[in-house]
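Single-structure report; data block below.
The values are calculated or read from the model by the stated rules, or taken from the named source; none is laboratory data. Keep in mind the model is a prediction, meaning the values are calculated, not measured. Please note: Cβ atoms are built from the backbone with ideal geometry, for glycine as well, and neighbour counts cover all protein chains shown.
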Amino acid sequence: MGVLLNINLNSEKDEDDNKDKTSVIAIGPSVRYYLLDTQKFMPFAEGKIAIGGTIIDDSKLSLFAFYLSTGGTYFFKPKIGIDFTLGYGSMVVKDKDSQSNSKMTISLVNFGAGMLIGF
């Protein structure tokens, strides 16, 4: 069990030198269950839920997201390993300042790799 903290800052320029800025801050619980307990490779399933906000240019938006994945960790030293994941996620974004109930849903499939350091 852990905490998901997502902070993302992005700035882009188009061919006309117009600048777009996006920032995202989200927090929530994260749960991972290791399916087999072996010495070197441990497959797992995990789930994450997050709430937060995003600012796109000058628009303030609220967000709710969930993510489900499966994968495995290869431990090359005790408590130090490399994660490989394949997952599905969905994020619902809604304008905080708008009176309408309009919302946007973004779905994604993700393949990832990362470093794991245990304590």
Evaluation of T73 against (1) surrounded by fewer than 16 Cβ atoms within 10 Å (Cβ to Cβ); (2) within 20 Å of the chain's Cα centre (by Cα); (3) of a type in the set (S, T, N, Q) (one fails), failing number: (1)
Test result for L68, loosely packed, with under 11 Cβ neighbours inside 10 Å, without any contact (Cβ under 8 Å) to a residue 24 or more places away in the chain, at negative phi and among the hydrophobic types (A, V, I, L, M, F, W, C): no
Among (1) in a strand (DSSP E or B); (2) hydroxyl-bearing (S, T, Y); (3) at pLDDT below 90, the one test that S100 misses: (1)
Among residues of the range 1-26, those that are over 16 Å from G52 (Cα atoms) and either out of contact with any Pro (no Cβ under 9 Å at 6 or more places or on another chain) or without any contact (Cβ under 8 Å) to a residue 24 or more places away in the chain (or both), counted: 12
Residues located in the range 1-52, provided they are surrounded by 12 or more Cβ atoms within 10 Å (Cβ to Cβ), modelled with pLDDT of 85 or more and more than 20 Å from F64 (Cβ to Cβ): R32, Y34, F41, M42, P43, F44, A45
